[in-house]
Amino acid sequence: MAIERILIADDEESIRWVLSKALSKKGFKVDLAGDGNEALEFFRKNTYDLAILDIKMPGISGLDLLTRFQEQTPHTLIVIMTAESSMKNAVEAMKRGAYDYITKPFDLDAIDAILVKAGKAAEISTEVSRLKDELKDQYHLERTLIGQSKPMQEVYKVLGKVAPSDVTILITGESGTGKELVARAVHFNSPRLGKPFLALNCAAIPRELLESELFGFEKGAFTGATERKTGKFEQANGGTLFLDEIGDMPLDLQAKLLRVLQEKEITRTGGSTTIPVDVRIVAATNQNLKDKVRNREFREDLFYRLNVVPIALPPLRERRDDIPLLVDYFIQSAREKVGTTALGCTAEAHRLLASFNWPGNVRELENTIQRAALLAPNPLLTPDDFPVLSEGDGETADCSLEALITNKLRNAIGKMEVQELNNLYEMVLHQMERPLIRIVLEKTRGNQVRTAEILGINRNTLRKKIQTLGIEINKEG
Ligand SMILES: Nc1ncnc2c1ncn2[C@@H]1O[C@H](COP(=O)(O)OP(=O)(O)OP(=O)(O)O)[C@@H](O)[C@H]1O
């Protein structure tokens, strides 16, 4: 479908001007509306291939227009503009069938990219309008996913698009990145809302138990099976089953799971009748399943069956922009959940937290904030309330000396004003020399010969440095 006619609706004149100039120059026919009502008028009179709508406008909001336009002319592709890149807006826009969503300020390349994509998207537009019909349910999230970074916005886009359908989703990401939270978001944004969401960790349960947890068993199926028991598939009927750590599922159970996904029915252990089940599967793993497939530890057919829509969650250290938001969110939830009086963090504490590597990702950050909020003497948390991070005692993902020094330097330099940063190279090397020599001298109890050997420098050089740097030698160690 070629894009010919475009409607731009924004109450900011400068945005209207810039967009109309850029798009007219490219040969599109452009109409401009300064508010929601004007946009609606245009829409009544004309047919548009694309509409770029500001989310917040006097009168009718961009999201409400989106809904109306979708009802009247479902083929029109709608791009929502927002000044606030929160998850709520992104998910809501995509849920309502928006074609795309851009955050202000944007550059014109972003609009170009959307136009190119939109031009090729005839089939997608049909699919979007089909999905839109399924998306009339109210926006609902049990818990909000926090994060406005680019990688998280991509996650929200996919989530908004696929949640309403029944497709199987495979969520990958390191431990603590929020895989279960995303799985819940999928469920709570799907028509299965109101039906059960059940989670099962395939790594935490021994093989025999895992099978009966999933499929249930009949009375007498094995010693100790004194009662019939339903499994998670039956319990989750109509809803969503979250299979965490799917990479740890034994091969024979993988085969059984594949059968259930294909046949949509289960047989309880020790039973002979098949029971129909309607369960959406969302699986997650922190392992590389493709490697496992190559090593024949994971069935290839099951991998493809699960991986219909992959969602890769970035580690926290790759979306550091989100750390301050998460910190504030966890402080607030600590106030609500455990009744602390903590109100926020100082700028230094924020910088310290944002510089850490967080090998345990959001879970580790959440625990760290909760602990600090409970123990802090004052409502405003300072770096002193995060002693483990300040000491850099090896919690960084990379425990090498370089990683520790990087962490320390980032903290120290981060606290300094730019105008203070003169002669930094010399200053840093100089300041590292003294503690280095002092520490080795302490280790060797003041033995300069040994110290020079350890440092790999000449004894005379060491002597001179001890003098010029004014290092005192304590022979007691
Ligand atoms: N984006 C986020 N916003 C708010 N809280 C989050 C976010 N991501 C994770 N959390 C919180 O961090 C904790 C860990 O999240 P979750 O259990 O979903 O991670 P996971 O990737 O499933 O971990 P694992 O692989 O170890 O099971 C939870 O308490 C969750 O609420």
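The values are calculated or read from the model by the stated rules, or taken from the named source; none is laboratory data. This one's a predicted model, so the numbers in the text were calculated from it and none came from an experiment. As a convention, Cβ positions derive from the backbone with ideal geometry for all residues, glycine included, and neighbour counts pool all protein chains shown.
Consider region 289-316. How many of its residues are touching a residue at least 12 places away in the same chain (Cβ under 8 Å) and polar (S, T, N, Q)?
Of the residues in region 289-316, 1 are touching a residue at least 12 places away in the same chain (Cβ under 8 Å) and polar (S, T, N, Q).
Would you check if there is a residue in region 308-323 being among the small types (Gly, Ala, Ser) and in contact with a Phe, Trp or Tyr (Cβ under 8 Å, 6 or more places away or on another chain)?
no
Is there a residue in region 199-208 that is within 13 Å of the ligand (Cβ to nearest atom) and in a helix (DSSP H, G or I)?
no
From the residues in region 133-162 that are part of a loop (DSSP other than H, G, I, E, B) and away from the ligand (no atom under 16 Å from the Cβ), which one is modelled with the highest pLDDT?
My answer is Leu135.
What are the pairs, 6+ residues apart or on separate chains, where a residue within region 153-179 that is within 22 Å of Ile102 (Cα to Cα) has its Cβ under 6 Å from a residue that is of a type in the set (Lys, Arg) and part of a helix (DSSP H, G or I)?
Taking only residues 6 or more apart or on different chains, the pairs are Gly160/Lys95.
Identify, please: which residue in region 358-381 is among the polar types (S, T, N, Q) and within 16 Å of the ligand (Cβ to nearest atom) and is, among those, nearest to Leu316 (Cα to Cα)?
Out of the qualifying residues, it is Asn361.
Every residue in region 303-322 that is within 20 Å of Pro359 (Cα to Cα), in a helix (DSSP H, G or I) and more than 11 Å from the ligand (Cβ to nearest atom), please.
Once the filter is applied, which keeps residues that are within 20 Å of Pro359 (Cα to Cα), in a helix (DSSP H, G or I) and more than 11 Å from the ligand (Cβ to nearest atom), region 303-322 yields Arg317, Glu318, Arg320, Asp321.
Has region 28-48 got any residue that is polar (S, T, N, Q), free of Cβ contacts under 8 Å to residues at least 24 places away in the same chain and surrounded by fewer than 16 Cβ atoms within 10 Å (Cβ to Cβ)?
yes
If I filter region 117-132 for residues that are at pLDDT below 85, under 22 Å from the mean Cα position of the chain (by Cα) and away from the ligand (no atom under 16 Å from the Cβ), do I get at least one hit?
No, the conditions are met nowhere in region 117-132.
Among the numbered conditions (1) more than 16 Å from the ligand (Cβ to nearest atom); (2) surrounded by fewer than 16 Cβ atoms within 10 Å (Cβ to Cβ), tell me where Phe298 comes up short.
Among (1) more than 16 Å from the ligand (Cβ to nearest atom); (2) surrounded by fewer than 16 Cβ atoms within 10 Å (Cβ to Cβ), Phe298 violates only (2).
Which residues, counting only those in region 301-322, are surrounded by fewer than 19 Cβ atoms within 10 Å (Cβ to Cβ) and aliphatic (A, V, I, L, M)?
Within region 301-322, Val308, Val309, Ala312 meet the criteria.
Quick one: is Ala183 in contact with a strand residue (DSSP E or B) (Cβ under 7 Å, 6 or more places away or on another chain) and closer than 27 Å to Gly216 by Cβ?
The answer is yes for Ala183.
Only one of Asp64, Asp10, Asp54, Asp100 is under 23 Å from Lys157 (Cβ atoms), acidic (Asp, Glu) and surrounded by fewer than 18 Cβ atoms within 10 Å (Cβ to Cβ); which?
That would be Asp64, the only listed residue that is under 23 Å from Lys157 (Cβ atoms), acidic (Asp, Glu) and surrounded by fewer than 18 Cβ atoms within 10 Å (Cβ to Cβ).
Just a yes or no: is a residue in region 103-112 outside the structural domain of Phe188 (by TED's automatic domain parsing), buried (at least 17 other Cβ atoms within 10 Å of the Cβ) and touching a Lys or Arg at 6+ places or on another chain (Cβ under 8 Å)?
no
With the requirement that a residue be among the hydrophobic types (A, V, I, L, M, F, W, C) and assigned to a loop (DSSP other than H, G, I, E, B), what does region 268-290 give you? Let's see the steps before the verdict.
Applying the first criterion (among the hydrophobic types (A, V, I, L, M, F, W, C)) to region 268-290 yields 275, 277, 279, 281-284, 289.
Once the filter is applied, which keeps residues that are among the hydrophobic types (A, V, I, L, M, F, W, C) and assigned to a loop (DSSP other than H, G, I, E, B), region 268-290 yields Val277, Val279.
Out of Leu261, Leu253, report the one residue that is closer than 15 Å to Lys232 by Cβ, within 28 Å of the chain's Cα centre (by Cα) and more than 16 Å from the ligand (Cβ to nearest atom).
On the way: Leu253 fails: within 28 Å of the chain's Cα centre (by Cα).
That would be Leu261, the only listed residue that is closer than 15 Å to Lys232 by Cβ, within 28 Å of the chain's Cα centre (by Cα) and more than 16 Å from the ligand (Cβ to nearest atom).
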